[in-house]
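For reference, the structure is listed below as structure tokens.
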Amino acid sequence: MGLLECSKVYWEFTGQCTQCGHCTKACASLSATDMTLGGIAKALLRAERNAGSVKELRARIVEDTRLVQAVRSCFLCDLCTNTCFAHNDANGLVYHARVDFQNLALIPSDTWLSLQVDQEWDIFTAYRSVYNIDFSDLRRHMLADGPKAQAGFDLAFFPGCSLAAYAPELTREIFASLEELGREVTLIDRCCGSPLKNAGFFNRAEALCNHIAEEILGTGATKLVCVCPGCANNMETAFVRNNLQIETISLSAFLTESGFIPKRDLPDAPLCLSRSCQDHDGSYLEETCSVLGIDSFACSVFEGCCGAGGSVATFDHKHQSQQTERKLQSVPKGSTVVSMCPTCTYTYALYLSNNRRDEINKHYTELLFESQIDWDTVFDRFGCMWTGETGAWLAHVLT
Amino acid sequence: MTIRRSSTGPVVAIIGYGVAGVNTLIALRGAGYQGKIRVFSDIDTLPYSPILTSYYVGGEKTFEECFPWCLEELGALDAEVMNSCRVVELDPEKHVIRTTEGIYTYTKCVIASGATPMNCSFTDASEYEPLVLRTMKDAARMKAAITKPDCERVLVSGASMVALKALEACLNQGLKCTLVGMSSHVLDFNALPKAAMRFEKGLRNEGVQLRLGQVIKAVKEKVNPNSLTRRRLEVTFSSGETEVFDEIIVAHGMRCNLDFVQNGSFEMGEALLVDGFMRTSDPDVYAAGDVAQATELISGKKRIVGNWKNAAVQGACAGRAIASELAGDRLFTEKGFIGSIPTNTIAVKDTLFNSAGTMEVTSRRYVREYEDDDMLILSIFQEEADGTMRLVGFNLVCNEDIPGSKAYETGAMLTQRIKRFESSVDQTPHTSPLIQAD
């Protein structure tokens, strides 16, 4: 092995890139640094070739400010991959580059310590602890009689860390609805590991998913119902990796096939659906349209990252905010923006709380169920939790 | 990659130094092969990207920018590169490669010699040598010809991707262009008629004159009496009409570069038939890129899928398989090549065309259409045995070519849907090249 852990990936990418520059034209992060994806791979390999030691390698990469900026400011949204004539895998490249950045201590620890979702405390579990958001009664497979006695579930529900933390009532209502549809359900209220991947802890993210997969296997569930396409992708990959016969299904698809009737009318304002960048083949969007009873061709759809992807905010908050703004500018005035991923909903909500616009921001589950997400309360709580007694505790467990 | 090469031991020969050859080289080293690699290249430059040649001709890329890999990078892979060394014969029985520069032996060989433009059906009556577009040499000749101050009108013969990219290059150089094609529509085999017609509309909007369903019948060189240096080409079309042009570009398809392969040496279709590890019928000879006929996933048949990514992936597969075999692992623990799905993206000025999968509409397939002012999408669905409908192909034509736009996102999304099928295919690469050639 050379000085870079992932040099094989960079070589493969270098081999497949024509250097046509199409990716740079597609992406705000790449165009800001005037780099191509192949250029990132080549720059890393060049630094490795010309360095005699890890220390020197680190220094060479630090010197290459465009490279550092390009790797750290990537939203991992696939916009460049989708524009690339060869559909070269940008996500794979940047994830691995971040692994090497992590190895070389090029990602400051204060930017990821609160996102260590494989540890006892991360920003989501801490938030839930501070505000007593507890689902232990819904984690049926972990109740008193022990996992074996509780292995008779046919469905595991995976709300994802954002929904579970910021919308506990909605999470509970969805869970209850799944039960009302006659299913034996248990809750998996864990994080799928995306923040770890973003920070360059690829192996830890995989290990976390493997662990969750094992837990789901223990419940006896043969289906995992996911709210978010990103969680679904990570868990599906883990099931394949571990050769487990567990099907991953979107909440929307499951509700449709179970004959669920939405609990509220659609808003009057025209809908503008946001296709998540994790929804690679658009199936989440289509399934959501189906459960909402709308034609995806009849409403506007906008693409691309909300700004939260790739944990760019931990590196360049302004760049993230500009991305959110760019996306919202493409939304028809006065629309209800409907996102598939709860983190997108959070990101738009945060932006809209600071920048007044005519648009309304909803997660798709809010159009299906009674409970709504109270973002003002969420943001207030975030502001308060870092002060006083809890602030001291958070400083202790998250830093 | 740190390579410690031994002076004795196996020799891997790579015939061809394009994207397939380079990726074979990268994969061999990446998989830990430290022995000798000898690359035979019939050019005297670094490997170039055929995709970028039209950008060079059109003035969007410099000559240097058409070479994706620099000497330092390729040098790190530690191969003996025989430049300007044309292979004249491959003798698989004796494991010998005869070249213009000498005779070489090999342990394993990868044929990655690419393809050459065909001039076939261009009129023989003229002494004029038309312009073609594949190599950097072709591109340099084309650029020199069409950027002459007195070059005003260019005729492009052919309706393929290469023809259209050459056409765009001419448009970018401010020339008046005519496109003549035997087919009734552009984008042969890649587009359904309605999509092709929308693309043609875009071409006409750029001022391109289309002569579809016609061929060149005769070309006569005419010397302009007012200018001793300027000769013009009087072209007679099959319609009987005659027009005058300054240059003619011919893009009538490609043929594999396999002149050095003796008849009967390998199992052949249109190219070398390969198995799921890119092995030909000779277990010591592999093939990748335009010379390889591998599994195409929609039809399940062996076909040439001639594009950059496919060549890269196939070359890498061959490299990994050889490294694995030479390491003594006869079971090929490395990932094989399960097959590919054809994909195409082309933009001529502001008109974008994107496709993936099959364009064959059979009795079990139907086409669904979506059209608005900006975009036309034709999706081809196939009825499966269980009654479900599966997306097997699509065409997308958009009136604007903006990288990162909805059109690119939609094209990628539909491509992913077709590729879902990949996961349902048996992931074990087959080990015989002799199945289901077209």
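The values are calculated or read from the model by the stated rules, or taken from the named source; none is laboratory data. In this text the structure is predicted, and so the values were computed from the model without any measurement. Counting neighbours? That spans all protein chains shown, and the Cβs are built from the backbone with ideal geometry, glycine included.
If the condition is being within 11 Å of another protein chain (Cβ to nearest Cβ), assigned to a helix (DSSP H, G or I) and of a type outside the set (S, T, N, Q), then the stretch A:21-38 contributes A:His22, A:Cys23, A:Lys25, A:Ala26, A:Ala28, A:Leu30, A:Gly38.
Residue count for the stretch A:93-121, restricted to those that are away from chain B (no Cβ under 14 Å), closer than 30 Å to B:Leu414 by Cα and not basic (Lys, Arg): 4. Given the structure, is A:Leu104 of a type in the set (A, V, I, L, M), more than 23 Å from B:Pro68 (Cα to Cα) and buried (at least 22 other Cβ atoms within 10 Å of the Cβ)? Against the criterion (of a type in the set (A, V, I, L, M), more than 23 Å from B:Pro68 (Cα to Cα) and buried (at least 22 other Cβ atoms within 10 Å of the Cβ)), A:Leu104 does not qualify.
Considering only the stretch A:81-97, I want to know if a residue exists there that is closer than 17 Å to A:Gln320 by Cα, in a loop (DSSP other than H, G, I, E, B) and of a type outside the set (Val, Ile, Thr). No; the residues of the stretch A:81-97 include none that is closer than 17 Å to A:Gln320 by Cα, in a loop (DSSP other than H, G, I, E, B) and of a type outside the set (Val, Ile, Thr). Within the stretch A:344-361, being surrounded by fewer than 24 Cβ atoms within 10 Å (Cβ to Cβ) and in contact with a Leu (Cβ under 9 Å, 6 or more places away or on another chain) holds for A:Tyr351, A:Leu352, A:Asn355, A:Arg357, A:Glu359, A:Ile360.
Could you tell me whether any residue of the stretch B:371-386 is modelled with pLDDT of 95 or more, assigned to a strand (DSSP E or B) and within 11 Å of another protein chain (Cβ to nearest Cβ)? Yes; the residues of the stretch B:371-386 include at least one that is modelled with pLDDT of 95 or more, assigned to a strand (DSSP E or B) and within 11 Å of another protein chain (Cβ to nearest Cβ). Within the span defined as the stretch A:245-266, every residue fails to be within 23 Å of A:Leu93 (Cα to Cα), polar (S, T, N, Q) and buried (at least 17 other Cβ atoms within 10 Å of the Cβ).
Per the conditions (1) touching a Lys or Arg at 6+ places or on another chain (Cβ under 8 Å); (2) without any contact (Cβ under 8 Å) to a residue 60 or more places away in the chain; (3) more than 22 Å from A:Cys6 (Cβ to Cβ); (4) in a helix (DSSP H, G or I), the sole criterion not satisfied by A:Val71 is (3). State yes or no: is B:Ala323 outside any strand (DSSP E or B), within 14 Å of chain A (Cβ to nearest Cβ) and touching a Gly at 6+ places or on another chain (Cβ under 8 Å)? Answer is yes for this residue. Of the candidates B:Thr362, B:Thr415, B:Thr388, B:Thr410, the single residue that is within 21 Å of the chain's Cα centre (by Cα) and polar (S, T, N, Q) is B:Thr415. Does the stretch A:345-357 contain at least one residue that is farther than 16 Å from A:Leu163 by Cβ, in contact (Cβ under 8 Å) with a residue 24 or more places away in the chain and basic (Lys, Arg)? Yes: the stretch A:345-357 contains one or more residues that are farther than 16 Å from A:Leu163 by Cβ, in contact (Cβ under 8 Å) with a residue 24 or more places away in the chain and basic (Lys, Arg). Residues that are of a type in the set (D, E, K, R) and at pLDDT below 90 were ranked within the stretch B:312-353; the one that is farthest from B:Leu273 (Cα to Cα) is B:Asp329.
Selection over the stretch A:308-344 of residues that are within 13 Å of chain B (Cβ to nearest Cβ), part of a helix (DSSP H, G or I) and among the polar types (S, T, N, Q) gives a count of 1. Taking the numbered list (1) surrounded by 18 or more Cβ atoms within 10 Å (Cβ to Cβ); (2) at pLDDT below 95; (3) more than 8 Å from every other protein chain (Cβ to nearest Cβ) in turn, A:Ala41 passes all entries but (2). The strands (runs of 3 or more DSSP E) located wholly in the stretch A:241-307 that include 1 or more residues which are touching a residue at least 40 places away in the same chain (Cβ under 8 Å) occupy A:271-274. Considering the conditions (1) crowded, with 22+ Cβ neighbours inside 10 Å; (2) in a helix (DSSP H, G or I); (3) facing chain B (nearest Cβ under 7 Å), A:Thr18 is excluded by exactly one of them, (2). Set side by side, the residues A:Ser53, A:Ser7 differ, and just one is among the polar types (S, T, N, Q) and more than 8 Å from chain B (Cβ to nearest Cβ), which is A:Ser53. Search the stretch A:102-139 for residues being without any contact (Cβ under 8 Å) to a residue 60 or more places away in the chain, of a type outside the set (Val, Ile, Thr) and assigned to a helix (DSSP H, G or I), and hand back the single one that is farthest from A:Ser177 (Cα to Cα). The selected residue is A:Ser109.
Taking the criterion of being modelled with pLDDT of 95 or more, surrounded by fewer than 21 Cβ atoms within 10 Å (Cβ to Cβ) and not charged (D, E, K, R), the residues of the stretch B:239-256 that qualify are B:Ser239, B:Gly240, B:Thr242, B:Val244. Answer yes or no: is there a residue in the stretch A:288-304 that is away from chain B (no Cβ under 12 Å), more than 21 Å from A:Thr81 (Cβ to Cβ), in contact with a Lys or Arg (Cβ under 9 Å, 6 or more places away or on another chain) and of a type outside the set (Asp, Glu). No, there is no match, as no residue in the stretch A:288-304 is away from chain B (no Cβ under 12 Å), more than 21 Å from A:Thr81 (Cβ to Cβ), in contact with a Lys or Arg (Cβ under 9 Å, 6 or more places away or on another chain) and of a type outside the set (Asp, Glu).
Scanning the stretch B:25-73 for residues that are in contact with a strand residue (DSSP E or B) (Cβ under 8 Å, 6 or more places away or on another chain) and more than 10 Å from every other protein chain (Cβ to nearest Cβ) turns up B:Leu28, B:Tyr33, B:Gly35, B:Lys36, B:Ile37, B:Arg38, B:Val39, B:Phe40, B:Ser41, B:Asp42. Taken over the stretch B:306-320, the residue count meeting the criterion of being more than 8 Å from chain A (Cβ to nearest Cβ) and basic (Lys, Arg) is 1. Remark: pairs (first residue in the stretch A:324-338, under 12 Å from A:Ser300 (Cβ atoms); second residue of a type in the set (Ser, Thr, Tyr) and at pLDDT 90 or above; Cβ separation under 8 Å; 6+ apart in sequence or on different chains) = A:Val337/A:Ser274; A:Val337/A:Tyr348; A:Val338/A:Ser274; A:Val338/A:Thr288; A:Val338/A:Tyr364. A:Tyr284 passes every criterion in (1) among the hydroxyl-bearing types (Ser, Thr, Tyr); (2) within 16 Å of A:Gly160 (Cβ to Cβ); (3) touching a Lys or Arg at 6+ places or on another chain (Cβ under 9 Å); (4) surrounded by fewer than 17 Cβ atoms within 10 Å (Cβ to Cβ) apart from (4).
Taking A:Phe85, is it touching a residue at least 40 places away in the same chain (Cβ under 8 Å) and in contact with a strand residue (DSSP E or B) (Cβ under 9 Å, 6 or more places away or on another chain)? Yes: the conditions hold for A:Phe85. Pairs are defined by a Cβ separation below 7 Å, a sequence spacing of at least 6 or placement on different chains, a first member in the stretch B:347-367 that is closer than 17 Å to B:Arg198 by Cβ, and a second member that is buried (at least 22 other Cβ atoms within 10 Å of the Cβ) and among the aromatic types (Phe, Trp, Tyr); the pairs so defined are B:Thr351/B:Phe199; B:Phe353/B:Phe199; B:Ser355/B:Phe394. Got a number for residues in the stretch A:374-392 being over 25 Å from A:Ile360 (Cα atoms) and surrounded by 15 or more Cβ atoms within 10 Å (Cβ to Cβ)? Total satisfying the criteria: 2.
Return yes or no: is A:Ser274 over 19 Å from the mean Cα position of the chain (by Cα) and within 14 Å of chain B (Cβ to nearest Cβ)? No: the conditions fail for A:Ser274. Among the criteria (1) in a strand (DSSP E or B); (2) surrounded by fewer than 18 Cβ atoms within 10 Å (Cβ to Cβ), the one A:Val225 does not fulfil is (2).
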